[in-house]
Amino acid sequence: MENNGLNKVDLIFEKIDTKEVLIKAFKMSNAEIIQHMLDSGLKGRGGAGFPTGLKWKYTAAEPSPEKYIVCNADEGEPGTFKDREILDRVSNKVHGGMAIAGKAIGARSGIVYLRGEYRYLLPKLMIELDSFHKMIHEIGYDFNIEYRMGSGAYICGEESALFESIEGKRGEPRNKPPYPTVSGVFEKPTSINNVETLVTAVMIIFHGSKNFTQYGTKDSRGSKVFSVSGDTPTPGIFELELGMTVQHFVNEFGDGDTKAVQVGGASGFCVPRKKFAETIIGFEGVPTGGSMKLFNSSRSMYNVLHNYLDFFAEESCGQCTPCRVGCQQLLKGVEKVKKGESKSTYLTELMKLADTMKIAAKCGLGQSVGNAFKSIVSNFKEEIIY
Amino acid sequence: MYQVGNLVKELSDKHGHTRENLIPILQDIVHKYNYLTDEAMVEVAKELDISAAEVYGTASFYTFLDTQERGKYVIRICKTITCSMKGKSDIIHTLEDILKIKVGETTADKQFSLIETNCIGWCHKAPAILINDMPYTELTPEKVSEIIKDYMKK
Amino acid sequence: MINLLINDQKVSVEPGTTVLAAAKKLKINIPTLCNHDDLCVAGNCRVCVVEQKGARTLVASCATPAAEGMEIHTNTLKVRNARKHIVELLLTEHRSDCTKCYKNQNCELQSLANEFAFGDTIFLDLVEDHKYNIDRSSPSFTKDDSKCIRCQRCVRTCSELQHVSAIAVANKGAHQKISSFHDKPMSHVVCTNCGQCVNRCPTGALVEKTYIDQVWDAIYDPEKHVVVQTAPAVRVALGEDLGYDPGQRVTGKMVNALKQLGFNSVLDTDFSADLTIMEEGTELLVRLKKALVDGNKKISLPMFTSCSPGWIKFIEHKYPEFLPNLSSCKSPQQMFGALAKTYYAKKRNIDPSKIVSVSIMPCTAKKFEADRPEMRASGFKDVDYVLTTRELAVMIKQAGIDFRNLDEANYDSIMGESTGAAVIFGATGGVMEAALRTAYEIVTGREVPFGNLNITPVRGMEGVKEATVKIEGCVEAWKFLEGAELKVAIAHGLVNANKIMKLVQAGKANYHFIEIMACPGGCIGGGGQPIPTNMQIRKNRMKAIYSEDEHMVLRKSHLNPDVIAIYKEFLDAPNSHKSHELLHTNYVERENY
């Protein structure tokens, strides 16, 4: 079910007294906090959309005395820049969300994994973290957060690759199971949550889960922050209620000549003009971690696809066959077809390859390369060939 | 080429001598010198009691942990879709003209390196670059010329 | 027990069992590539994907634990299509010059291609896009990146089994590769040349450097007198490459085959293994005397064995401060080589410059060892060519020899005599056992106090073994050892060697004598042995070694008649001046990267 249209919301950047929310949360039992999350229907805001309440519940159920809450601030999806903005403007709420999550799952330590591209934020964040630690101390609670920096590797946004990176290794995704809730960073039970998810959790505690469920749809509760870029007169960060159609979105942000919207970044889906009205932005339609790129009719979708494939061929960790070789094949394949060196029917083989990557790659990266590939090729086939 | 001296020892003492401190140590070296020499990697391996090949293997996974010589100012130009759409090529041409180097190269005086990089998270203010840690956004050829000229005076 | 269904058949397995292992239990074969019994699970090649009911994607059976109620299908259309794609993809990155490849017909990728990817190629060739490097710098092996399929078996081997990590995974994405430290030549890095990676490489990316043609040339050269020595571990493994099951002793057939190949004299490394015991045992006793009686603090104890060239290079790179602890004895191969061009030449009245000395070894590091500048005591290169067990099998096939129906033959003389003590050099603990059999008898005049001479505490596959031998009833010359407890330790696989070295470094190891072999299981599990090698195969070969020992008439090194003769005629006595000149050496410190 879609919403009535595009509705702007102000939760993530809303000015609140984080200390007050923390005091409220620390008075709750762990189970109560988790219940709030379950009731809210909050799903992870990084893009994968796993229910936050369940993640916390599973991690809480692990008997280990040592657990971790990890904040995934390795925002690398092309077209996504919301987490940087959130950390820049309301880091206090991010840190607060980690403390609440820590309380819920029984973790005393939190790690923020911040992408290397955002290192310039670090001095400011360190000052803010310092005052956060003081505040937590004042409340009489024991929780410590440290920052670990990325160094330029998209794949480290994948949770288990991120753990490997924190452990000082190459950011190569692990085999699952075991899942992070059982064995995460340093092989301890870990809840890993996106920056925005943690802030949303704070707001759910602040306003109550009922307030949250009034926004969005059955499958996509609440609102989320969108990163809008491309051919738009108003690029930037916007918090919108979930459940609108791409048409609603284009009506607001398009330049009057929008031919396609890439929802969810390079690993997401390309929605062509003819499907704007029927496509809901959310878990019932096209899910997104917030990346919304608009392309107008002056743009070549071949160039868009080529840019994405080039990105994946470089940013794949390289360990598994379908992803490492598959990305190179898709890239070289579209180049050859474009140049007329391969038959246009070769695209059919590449579509099948994209299907194999979706089911046989080791992690979410390789599994999602096919999203952009298939949606662009099937909707803009002529642009790829000629 | 810089001499690593006591830096690795100091950094390992500061961060700790275990594997999970590898990346922070490498990052601190790069922060200071912009790239990792073989000597630095061998020293790190020794301090953490891991093999030098593993240090190299780990460093080479991360784009920002350069293992080839870089200048004092590393200019990273975002090449991902929005920046490409919004004039990345003009920015590169401008930089190449000013610095008299091509993408991937370092100036003879070891002041600047020019490299392309994947999305740096400034798509709404494209095109964007990083000079070391600092982002510069909504660039035009004129604007980027001014920025580089300021750096040249530093 | 966990119950699951695989291809609609019920199976019950222990918790922690993988789907792959559970399928094996049902005799359902799932193809694999990155998986190896000796190594941790990687789950990266994806060849072993299977369909799990209810799962969004296929799952890697090697990395997925069996779960209660799980329903698996291993051969659905979806699975077959994915596998075909995966094999096709691997082939596009792989330089498929199969007919010219050393691993032709012994290549796991080739077998999979044969099963899944015959006929028209689907995808584009990527080999030309990669600037692949072929590293021929090591005398032991070649690393050809154009054949590499990134399964990382070699990387896991070098790290998990050997604690060396001379190679690691470098770069990412399309540029990901297996690399030494900053792409330096393999000859310039910490690599021990042990060849364990070669033994586990599923393709031709890592292969021993072969000297077969050079050996043929020597054999056919009428001017040359070609002698060949065979290491103890070869005779219990060679059969595997010639159609026998693991663990079959083929000593007599092997000797006959070597004669048929045209070697002028077929001799035995066992001879110089016995000689090693005389030299090394004496060295140990002398060190003990100097340390215990003379109170000489400069004497380095514990003393380490020096037979394994992989271990030697390991300590040169990683623990150079302990080089003085190494026995100064050369390895049996090099002792043999030095004597072949001196003692043997003299006795047989052959110009040593006309002798070509070949050795058949279970080892790739021996190729490096033979090339060391230290190994020219005879005035010539002491060992000219080293062939692996595998290369010998190739020669036997090339010569059209019907190995199975060959009669057994005996080694030639001189330097062809052997004892059971020398044979067991091929298994971990064997050098120690042989040394104890002789040293104990020298000191006490009696046999070691173990049933039938079998010193069982030093045998077996445990990574680090230790034993204490109480010395009682010493003969006059060794009275100072009366009542002493000789503490010994044994490690095999460099990961275990490293454990012992850490203890030694920390001063926590009060051993007198430590045997170390670079390869898991000792030489029977050497890098030059038939492929595959895994725990069960090593066990079978080990059993064969001890059975060979039991079947020998002589089982103590000091009783080897050729050894007795050489001391009488040529060397005078163990550790004599002449021995030192020919049979002993020292080693060098190397960089640790």
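Just so it is clear, none of the values below were taken in a lab; they were calculated from the coordinates. Everything numeric in this text was worked out from a predicted model, so none of it was measured. Neighbour counts run over all protein chains shown; Cβ positions are idealised from the backbone, glycine included.
Given H placed on each backbone N at 1.01 Å, which residues far from A:GLY290 in sequence or on other chains put an amide H within less than 5 Å of it?
A:GLY264
Distance between the C-alpha centers of the stretch C:175-232 and the stretch C:422-486? Whole Å please.
With the stretch C:175-232 and the stretch C:422-486 each reduced to a Cα centre, they are spaced 35 Å.
Tell me, what is the percent relative contact order of chain C, built from C-alpha pairs under 8 Å that lie six or more residues apart? Walk me through the numbers on the way to the answer.
On the way: 1194 pairs, mean separation 96.1, N = 593.
Contact order relative to length: 16 percent.
Given H placed 1.01 Å from N in the peptide plane, which residues other than close sequence neighbours of C:ILE6 have an amide H under 5 Å from its amide H?
C:VAL11, C:ILE72
Classify the stretch A:209-263 as rounded, prolate or oblate, taking a ≥ b ≥ c as the square roots of the eigenvalues of its Cα gyration tensor: rounded when a/c is under 1.5, otherwise prolate if a/b is larger than b/c and oblate if not.
Prolate is the answer for the stretch A:209-263, as a/c is 1.5 or above and a/b outweighs b/c.
In deg cm²/dmol and to the nearest 500, what is the mean residue ellipticity at 222 nm of chain B if only DSSP H runs of at least 4 residues count, each as -39500 (n - 2.57), divided by the residue total? Mind showing how you got there, number by number?
Working: 7 runs with 70 residues, N = 154.
That comes out to -13500 deg cm²/dmol.
In the stretch A:143-221, which trypsin sites (Lys or Arg not before Pro) fall in coil by DSSP and have 14 or fewer other Cβ atoms within 10 Å?
Those that pass, being in a loop and sparsely packed, are A:LYS218.
Dipole of chain B (Lys/Arg Cβ +1, Asp/Glu Cβ -1, origin at the Cα centre): which of B:ALA53, B:HIS124, B:VAL103 lies farthest to the positive side?
Looking along the dipole axis, the top candidate is B:HIS124.
Per residue of the stretch A:311-327, in order, report the coupling 6.51 cos²θ - 1.76 cosθ + 1.60 (Karplus, θ = phi - 60°) as ³J(HN,Hα) in whole Hz, putting x for Gly and Pro.
3J(HN,Hα) across the stretch A:311-327, in whole Hz: 4, 5, 4, 7, 9, 4, 5, x, 6, 9, 4, x, 7, 4, 7, x, 4.
Rounded to the nearest 500 deg cm²/dmol, what is the calculated helix-only ellipticity per residue at 222 nm for chain A, with -39500 (n - 2.57) per DSSP H run of length n ≥ 4? Let's see the in-between values first.
Numbers: 14 runs with 177 residues, N = 386.
-14500 deg cm²/dmol, from helical runs alone.
Mind ordering C:167-180, C:318-331 by average Cβ neighbours within 10 Å, highest first? Each step should come with its number before you reach the end.
Values: C:167-180: 23.0, C:318-331: 19.8.
Packing order, densest peptide first, comes out as C:167-180, C:318-331.
Rounded to the nearest 20 Debye, what is the dipole magnitude of the stretch C:462-572 about its Cα centre when Lys and Arg each give +1 and Asp and Glu each give -1 at the C-beta?
On the way: 14 positive and 13 negative charges, 122 e Å.
It works out to roughly 580 debye.
Hey, what did chain A get for relative contact order, percent, Cα under 8 Å, at least 6 apart? Mind showing how you got there, number by number?
Working: 773 pairs, mean separation 72.4, N = 386.
RCO, chain A: 19 percent.
Among the listed pairs A:LYS274/B:LYS143; A:LYS338/C:LYS172; C:LYS259/C:LYS347; C:LYS143/C:LYS347; A:LYS188/B:LYS125, which have their C-alpha atoms separated by more than 32 angstrom in this model? Don't skip to the answer; put the middle values down first.
On the way: A:LYS274/B:LYS143 39 Å; A:LYS338/C:LYS172 27 Å; C:LYS259/C:LYS347 21 Å; C:LYS143/C:LYS347 42 Å; A:LYS188/B:LYS125 39 Å.
Checking Cα-Cα distances, A:LYS274/B:LYS143; C:LYS143/C:LYS347; A:LYS188/B:LYS125 exceed 32 Å.
For labels at C:ASP572 and C:GLU160 in the simple 7 Å Cα→Cβ model, what's the distance in nm?
5.2 nm
Report the far tail of the P(r) of chain B, meaning the percent of Cα-Cα pairs longer than 18 Å. Write out the running numbers ahead of the final one.
Working: 6978 of 11781 pairs.
That fraction is 59 percent.
Could you let me know the centre-to-centre spacing of the stretch C:83-122 and the stretch A:35-112, using Cα atoms, in angstrom?
What the calculation gives is 45 Å, centre to centre.
Work the Kirkwood hydrodynamic radius out for the stretch B:7-59: mean of 1/r over every pair of different alpha-carbon atoms, inverted, in Å. Please report the intermediate quantities before stating the final value.
Details: mean 1/r = 0.0954 Å⁻¹.
Here the Kirkwood hydrodynamic radius works out to 10.5 Å.
Near A:LYS134, which aspartates and glutamates are there with a Cα under 20 Å away, not counting those fewer than 8 places off in the same chain?
Correct list for A:LYS134: A:ASP17, A:GLU20, A:ASP88, A:ASP142, A:GLU146.
In square nanometres, what is one fourth of the surface area of the convex hull spanned by the alpha carbons of the stretch A:305-385?
Numbers: hull surface 17.8 nm².
Its Cα hull, projected and averaged over all orientations, spans 4.4 nm².
Counting other beta carbons within 10 Å of each Cβ, put C:TRP478, A:TRP56 in order, fewest first. Write down the numbers at each step before the final one.
On the way: C:TRP478 18, A:TRP56 28.
Starting with the residue having the fewest Cβ neighbours, the order is C:TRP478, A:TRP56.
State whether the stretch C:412-557 is rounded, prolate or oblate according to the following rule on the C-alpha gyration tensor (a ≥ b ≥ c being the square roots of its eigenvalues): a/c under 1.5 gives rounded; otherwise a/b larger than b/c gives prolate, and the remaining case gives oblate.
Working: a/c = 2.23, a/b = 1.18, b/c = 1.88.
Note, shape of the stretch C:412-557 comes out oblate.
Taking the highest mean first, how do the peptides C:153-160, C:15-22 order by number of other beta carbon atoms within 10 angstrom per residue?
Values: C:153-160: 23.6, C:15-22: 18.8.
Taking the mean over residues of other Cβ atoms within 10 Å, the ranking is C:153-160, C:15-22.
If each residue of separation counts as 0.36 nm, what is the full-extension length gain between C:VAL464 and C:SER137 once their alpha-carbon separation is subtracted?
Details: separation 327, 0.36 × 327 = 117.72 nm, distance 3.30 nm.
Result for the pair: 114.4 nm of gain on full extension.
Translational diffusion coefficient of the stretch C:2-75 at 10 °C, 1.306 mPa s, Stokes-Einstein with Kirkwood Rh over Cα pairs, in µm²/s as a whole number.
Values: Rh = 12.1 Å.
Rounded to a whole number, D works out at 132 µm²/s.
Assuming 0.36 nm per residue, please report the length gained on full extension of the stretch A:TYR141 to A:GLN35 beyond their Cα-Cα distance. Walk me through the numbers before you get to the answer.
Details: separation 106, 0.36 × 106 = 38.16 nm, distance 2.13 nm.
Value of the extension gain: 36.0 nm.
Give me a single rounded figure for A:351-359: the average over its residues of other chain Cβ atoms within 10 Å of their Cβ. All intermediate terms of the calculation are to be shown ahead of the outcome.
Numbers: counts 0, 3, 5, 0, 4, 12, 5, 4, 12.
Average neighbour count from other chains, rounded to a whole number: 5.
Starting from a Cα-only point model with no solvent, please compute log10 I(q)/I(0) by Debye for the stretch B:73-153 at q = 0.27 1/Å.
For the requested q values the scattering log ratios are -1.47.
Scan around A:ILE192 for amide H atoms under 5 Å from its own, H built in the peptide plane at 1.01 Å from N, and keep only partners 5 or more places away or cross-chain.
Correct list: A:VAL70.
If each DSSP helix of 4+ residues adds -39,500 (n - 2.57) and the sum is divided by the residues in chain C, what number results at 222 nm, nearest 500 deg cm²/dmol? Intermediate results must be reported in sequence, preceding the final value.
On the way: 19 runs with 185 residues, N = 593.
When only DSSP H runs of four or more count, the value is -9000 deg cm²/dmol.
Could you name the lysines whose alpha carbon sits less than 22 Å from that of A:LYS343, not counting residues in the same chain fewer than 8 places away?
Straight-distance partners of A:LYS343: A:LYS332, A:LYS352, A:LYS374, A:LYS381, C:LYS84.
Can you work out the Karplus-derived ³J(HN,Hα) for every residue in the stretch A:333-340? Use 6.51 cos²θ - 1.76 cosθ + 1.60 with θ = phi - 60°, whole Hz, and x for glycine or proline.
So the J values, rounded to whole Hz, are x, 5, 4, 5, 5, 4, 6, x.
List, largest first, the extents of the alpha carbons of the stretch C:121-208 along their principal axes, each in whole Å.
Largest first, the stretch C:121-208 extends 39, 24, 21 Å along its Cα principal axes.
Per residue of C:121-133, how many C-beta atoms from partner chains lie within 10 Å of its own C-beta, taken as a mean?
Numbers: counts 0, 6, 11, 11, 1, 4, 0, 0, 2, 1, 0, 0, 0.
Mean number of neighbouring Cβ atoms from other chains: 3.
Leaving out same-chain residues fewer than 8 places away, which lysines sit with a Cα under 19 Å from that of C:LYS341?
By straight Cα distance, C:LYS341 reaches C:LYS224, C:LYS330, C:LYS354, C:LYS366, C:LYS367, C:LYS381, C:LYS568, C:LYS578.
In a shell of Cβ-Cβ distance under 14 Å around C:TYR132, excluding C:TYR132 itself, what net charge do Lys and Arg (+1) and Asp and Glu (-1) give? Could the numbers behind the result be given before it?
Working: positive: C:ARG95, C:LYS131, C:ARG136, C:LYS143, C:LYS147, C:ARG150, C:LYS177; negative: C:GLU93, C:ASP97, C:ASP125, C:GLU128, C:ASP129, C:ASP135, C:ASP144, C:ASP145, C:ASP183.
Residues close to C:TYR132 contribute a combined charge of -2.
How many angstrom separate the Cα center of the stretch A:281-315 from the Cα center of the stretch C:548-593?
Here the two parts' Cα centres lie 72 Å apart.
Sort C:TRP311, C:TRP216, B:TRP122 by Cβ crowding within 10 Å, fewest neighbours at the top. It would help to have the intermediate numbers written out before the result.
On the way: C:TRP311 26, C:TRP216 15, B:TRP122 23.
Ascending Cβ contact count within 10 Å gives the list C:TRP216, B:TRP122, C:TRP311.
For the stretch C:5-61, which trypsin sites (Lys or Arg not before Pro) pass both filters: DSSP loop (anything but H, G, I, E, B) and at most 16 other C-beta atoms within 10 Å?
Details: sites: C:LYS10, C:LYS24, C:LYS25, C:LYS27, C:ARG46, C:LYS53, C:ARG56; in loops: C:LYS27, C:ARG46, C:LYS53, C:ARG56.
Filter output for the stretch C:5-61: C:LYS27, C:LYS53, C:ARG56.
Evaluate the distance, in nm, between pseudo-label points positioned 7 Å from the Cα of C:GLU68 and of C:ASN29 along their respective Cα→Cβ axes.
3.4 nm
Which whole-Hz ³J(HN,Hα) couplings does the stretch A:142-156 yield from phi under the Karplus relation 6.51 cos²θ - 1.76 cosθ + 1.60, θ = phi - 60°, glycine and proline marked x?
Working through the residues one at a time gives 10, 7, 10, 10, 10, 9, 10, 9, x, 9, x, 7, 3, 4, 5 Hz.
Give the Rg (one decimal place) followed by the Dmax (whole number) of the protein assembly as shown, computed from C-alpha coordinates and expressed in Å.
Taking only Cα atoms of the protein assembly as shown, I get Rg and Dmax of 33.4, 107 Å.
Run the numbers for C:LYS346 and C:VAL475: contour at 0.36 nm per residue of separation, minus the present Cα-Cα distance, in nm.
Numbers: separation 129, 0.36 × 129 = 46.44 nm, distance 3.66 nm.
Once the chain is fully extended between C:LYS346 and C:VAL475, it gains 42.8 nm.
With +1 on each Lys and Arg Cβ and -1 on each Asp and Glu Cβ, how big is the dipole of the stretch A:97-213 about its Cα centre, in debye rounded to the nearest 20? Present the calculation step by step, with values, prior to reporting the outcome.
Values: 13 positive and 13 negative charges, 21 e Å.
Rounded to the nearest 20 debye, it is 100 debye.
Can you compute the equivalent ellipsoid semi-axes for the stretch C:54-146, i.e. the square root of 5 times each eigenvalue of the Cα gyration tensor, sorted largest first and rounded to whole Å?
Values: eigenvalues 202, 58, 35 Å².
Over the Cα atoms of the stretch C:54-146, the ellipsoid semi-axes are 32, 17, 13 Å.
Relative contact order of the stretch B:73-153: what whole-number percent is it, with Cα pairs under 8 angstrom and at least 6 residues apart?
Numbers: 126 pairs, mean separation 31.1, N = 81.
Normalised by residue count, the contact order of the stretch B:73-153 is 38 percent.
Mind checking Rg over Rh on the stretch A:223-296, alpha carbons, Kirkwood formula for Rh?
Working: Rg = 10.5 Å, Rh = 11.7 Å.
Rounded to two decimals, Rg over Rh is 0.90.
Using only the alpha carbons, work out the radius of gyration and Dmax of chain C in angstrom.
25.2, 81
Among the listed pairs A:LYS124/A:LYS176; A:LYS339/C:LYS100; A:LYS124/B:LYS153, which are separated by more than 30 Å between their Cα atoms?
Numbers: A:LYS124/A:LYS176 36 Å; A:LYS339/C:LYS100 34 Å; A:LYS124/B:LYS153 27 Å.
Long pairs (Cα-Cα over 30 Å): A:LYS124/A:LYS176; A:LYS339/C:LYS100.
Find, among the trypsin sites (Lys or Arg not before Pro) in the stretch C:422-511, those assigned to loop by DSSP (not H, G, I, E, B) with at most 10 other beta-carbon atoms within 10 angstrom.
Loop-located and lightly packed - C:LYS508.
Based on the alpha-carbon gyration tensor of chain A and its eigenvalue square roots a ≥ b ≥ c, which shape applies: rounded if a/c is under 1.5, prolate if not and a/b is larger than b/c, or oblate? Before the final figure, lay out each step's value.
Numbers: a/c = 2.07, a/b = 1.51, b/c = 1.37.
Prolate.
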